[in-house]
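The next block holds one structure in the form of structure tokens; read it before the comments.
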Amino acid sequence: MTKAFCPGHITCFFHPVRTDDPVTTGSRGVGLRLSLGTYVTMEERSDSRLSIVMDGTESDAPITRSVMEQICPGRGFDITVENQLPVGQGFGMSASGAIAAALCACSFMGIDQENAYRYAHIAEVLQGGGLGDVSAIMSNARMPVRIRPGLPPYGEVIESNQKSQTFTLAVVGGKLSTAPVISDPDMQRRMNEIGSRMVDDYASNPTMERMYLRSREFSSSLGIESAEVSSALKVLGKESGMCMLGHSIFTSRPGDEVREILGDVPVFSASTSNAPAFIQKA
């Protein structure tokens, strides 16, 4: 049995870049690499079945399944995925789960673990997950800035040189699927126009104030905030932003304050982290 952990990632603002190659497809953007993420435990079976249990429930888990089909085609495994943050809320859980699964699978197959990120990124792109989470997580930067899309050596991610920060994360609505939003042609055009300008602006002067300002401007300009997100951002003030893409927000305010302001919603605390994903054999 093999177990791996991978940190999560929040994108604050971005724009997608699609090519004919999944490896060079990705996004430019600014984000937060989190101390919370996903644990994956994997044990090989005697048959060819892939059994995936996610947060206690058997799941199709298409992104994890895609990872396994790339690395271990035809081999069966029992896979347990434990997410420390909700799925479908912009916390990068699909990417962190894909990376952790890929690390385990590479270990079983005797493949260099650096290849795990490539398999995870391809699965994310092909199955409609996030376009930039894997490259951001791979960078080990606390607040990664995705300057060029895709995985290295094509993509480039730099550190914005911010000190470790603790953020409160709050979920104010149901799951939001990434694919329908970033695949809409008109939305892509607007994201490219607005997001590209904001990434360049932040990279020229990477401060927390500018990160929050551009994050709020991005979600507001695109009209992608739900009523619940808009309301939360309004009452939390300038040190808050929408997680891309989820009915969720991040803020520098303490968790107790956020609970008092927003009421009975799921609230989490996570720090920005440069700790690498890791694997351990049980």
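The values are calculated or read from the model by the stated rules, or taken from the named source; none is laboratory data. Given the structure is predicted, the values throughout are model-derived calculations rather than measurements. In this analysis, Cβ positions are derived from the backbone assuming ideal geometry, glycine residues included, and neighbour counts consider all displayed protein chains.
Pick from the stretch 36-70 the residues that are small (Gly, Ala, Ser) and over 29 Å from residue 154 (Cβ atoms): which of them is surrounded by the most Cβ atoms within 10 Å (Cβ to Cβ)?
Step by step, filter the stretch 36-70, then rank; the result is 59.
Is the stretch 9-32 home to any residue that is in a strand (DSSP E or B), of a type in the set (Ser, Thr, Tyr) and more than 14 Å from the chain's Cα centre (by Cα)?
no
Of 229, 258, which residue is among the hydrophobic types (A, V, I, L, M, F, W, C) and either over 21 Å from the mean Cα position of the chain (by Cα) or over 17 Å from residue 10 (Cβ atoms) (or both)?
258
Quick one: residue 230 ticks every box in (1) assigned to a helix (DSSP H, G or I); (2) among the small types (Gly, Ala, Ser); (3) buried (at least 23 other Cβ atoms within 10 Å of the Cβ) bar one, so which box is it?
Going through the list (1) assigned to a helix (DSSP H, G or I); (2) among the small types (Gly, Ala, Ser); (3) buried (at least 23 other Cβ atoms within 10 Å of the Cβ), residue 230 breaks only (3).
Given the structure, is residue 270 of a type in the set (A, V, I, L, M, F, W, C), surrounded by fewer than 17 Cβ atoms within 10 Å (Cβ to Cβ), on the phi < 0 side of the Ramachandran plot and within 18 Å of the chain's Cα centre (by Cα)?
No, not satisfied.
Within the stretch 259-282, how many residues are within 28 Å of residue 182 (Cβ to Cβ), β-branched (Val, Ile, Thr) and not in a loop (DSSP other than H, G, I, E, B)?
Number of matching residues: 2.
Name the strands (runs of 3 or more DSSP E) wholly inside the stretch 44-157 in which the number of residues that are among the basic types (Lys, Arg) is 2 or more.
144-148
Which residue is modelled with the lowest pLDDT, if the candidates are limited to the stretch 4-35 and must be surrounded by fewer than 20 Cβ atoms within 10 Å (Cβ to Cβ) and not polar (S, T, N, Q)?
18
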